[in-house]
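The values are calculated or read from the model by the stated rules, or taken from the named source; none is laboratory data. Predicted, not measured: the structure shown is a model, and the values here were computed from it. Heads up, the Cβs are rebuilt from the backbone with ideal geometry, glycines too, and the neighbour counts pull from every protein chain shown. Just the protein is used for accessible areas: all its heavy atoms, side chains included, with ligands, DNA and RNA removed. Shrake-Rupley method; radii C 1.70, N 1.55, O 1.52, S 1.80 Å.
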Amino acid sequence: MPVAASAIYFLNLRGDVLINRTYRDDVGGNMVDAFRTHIMQTKELGNCPVRQIGGCSFVYMRISNVYIVIVVSSNANVACAFKFVVEAVALFKSYFEIMDFGYPQNLSPEILKLYITQEGVRSPFSSKPKDKPVPNATLQVTGAVGWRREGLSYKKNEVFLDIVESVNLLMSSKGNVLRCDVTGKVLMKCFLSGMPDLKLGLNDKIGLEKESEMKSRPAKSGKTIELDDVTFHQCVNLTRFNSEKTVSFVPPDGEFELMKYRITEGVNLPFRVLPTINELGRTRMEVNVKVKSVFGAKMFALGVVVKIPVPKQTAKTNFQVTTGRAKYNPSIDCLVWKIRKFPGQTESTLSAEIELISTMGEKKSWTRPPIQMEFQVPMFTASGLRVRFLKVWEKSGYNTVEWVRYITKAGSYEIRC
């Protein structure tokens, strides 16, 4: 009979759980406590490696300073269980030696998957021919391109590139910018055959100046930006980037994050918000909020949400909006104004009258938390970053289709009242 394990635990010498996995619901979560109390603390570990407690069998083995415990709730093949533990330990030692003499080796999950797969294992005595050649995992481990395996093939070779930015803003009630920066990511999804070499050109200042210097001609006119705190995926050729200021790389297969960056100068704000709040005595307030989109008239924002804070003692609200819908949300003490689609170069206004509950105690001044915004603007970048070119070269010379998309989202977008 097979093992049919209900759970497996890896414990240290004190009985603390290092790793565990529950496979079936026929055992409780306190099984490890039973093992610790009835076996470890009674010092009967060396007597018998198989024990029964409360209708469950514990099959355990100590490897160095770790106990591996298999819990089964039915009659099982104990020899098979011990064989599994021994083989599992050998597997760990063989394939998780990711540091050698203190030097990190290959940590790429893509390469480790070449060794450990969820596919069936072909018997060496089978007469059935092989369906496909075994990937050369050793080349990926020892070669220069450890993040991509050989032999990839696609009927349609495509590259998808997304520049996703988050705008962080703190603005005064008069529209003055107090703090502003942009954090961005370049996300890619590659479905390319073979071992392609990609080259990405951006309108960053240093890259354009280096390109014009190498070509011995003046730089083209147009907006250039300065990237701060740039970090790259391991696939990027840093030597080439330092010398030529171009992003060259052999991409991993599928989806990955190519680079991250930050912008602190020359940020293009997608929205400007002008709030006016008048407190009329202790029981009434008037709120007027004007939101103006600053991006191009042919663009639009999606999922715009404006959260306007109000005092906790708000009793009744009455408001009007020129676009979208608004309601009072007492759980967060805010007027929530939602606009599904906000065109560029337009403005919308919310006007509200708020009635407050009068209190007999001493009046406490309202701290006026900032207004918060949520939005997403497709095909717009607050930093002004643009892709100048995306070149794909592969020795077979196949044609590729490149897709580029820009998205700007609200990070911490706050306006003081």
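Quick one: accessible surface of residue 366, probe radius 1.4 Å, all protein chains present, in square angstrom to the nearest 10.
60
Would you calculate the separation in nanometres between label points at residue 276 and residue 264, each defined as 7 Å from the Cα along the Cα-to-beta-carbon direction?
3.6
Which value results for Rg/Rh of region 330-382 when Rg is the Cα radius of gyration and Rh the Kirkwood radius based on the inverse mean 1/r?
1.09
Top to bottom by accessible area (1.4 Å), largest first, where do 365, 193 land?
The ranking, largest first, comes out as 365, 193.
Going by accessible area, probe 1.4 Å, with all protein chains left in place, what is the ranking of 245, 341, largest first?
341, 245
If you stretched the chain out fully between residue 88 and residue 302, how much longer would it get, using 0.36 nm times the residue separation minus the C-alpha to C-alpha distance?
Taking 0.36 nm per residue and subtracting the Cα distance, the gain is 71.9 nm.
What is the spin-label model distance, in nm, from residue 179 to residue 340 if the labels are put 7 Å beyond Cα along the C-beta direction?
Label at residue 179, label at residue 340, 3.6 nm between them.
Using per-residue counts of other Cβ atoms within 10 Å, averaged over each peptide, order 290-297, 312-319, 376-383 from highest down.
376-383, 290-297, 312-319
Using only the heavy atoms of the protein chains and a 1.4 Å probe, how would 390, 350, 18 rank by accessible area, largest first?
Ranked from most to least accessible, the order is 18, 390, 350.
Please compare each pair in 205/338; 93/245; 93/185; 185/327; 312/409 to a cut-off of 32 Å on the Cα-Cα distance and tell me which ones are over it.
205/338; 93/245; 93/185; 185/327
Take residue 38 and residue 416, extend 7 Å from each Cα along the Cα→Cβ direction, and tell me the distance between the two endpoints in nm.
Going by the 7 Å Cα→Cβ label model, 6.6 nm.
Assign one of three labels to region 239-385, namely rounded, prolate or oblate, based on the Cα gyration tensor with a ≥ b ≥ c the square roots of its eigenvalues; rounded applies when a/c is under 1.5, prolate when it is not and a/b is larger than b/c, and oblate otherwise.
Verdict is prolate for region 239-385.
Between residue 148 and residues 5 or more places away or on another chain, which pairs have amide H atoms under 5 Å apart, with H built 1.01 Å from N, and which residues are they?
Here nothing satisfies the definition.
Shape of region 39-92 from its Cα gyration tensor (a ≥ b ≥ c, root eigenvalues): rounded if a/c is under 1.5, otherwise prolate when a/b > b/c, or oblate?
Judged from the Cα gyration tensor, region 39-92 comes out oblate (a/c at least 1.5, b/c at or above a/b).
May I ask you to derive the FRET efficiency for residue 13 and residue 347 from their Cβ-Cβ distance with R0 = 45 Å, giving the value to the nearest 0.05?
The computed FRET efficiency comes out at 0.10.
What number, in percent, do you get for the relative contact order of region 318-417 if the mean sequence gap of Cα pairs under 8 Å and at least 6 apart is divided by its residue count?
Taking the mean separation of contacting Cα pairs over the length of region 318-417, I get 28 percent.
Order these peptides, 406-413, 258-265, by their mean beta-carbon neighbour count within 10 angstrom, highest first.
My ranking of the peptides, most packed first, is 406-413, 258-265.
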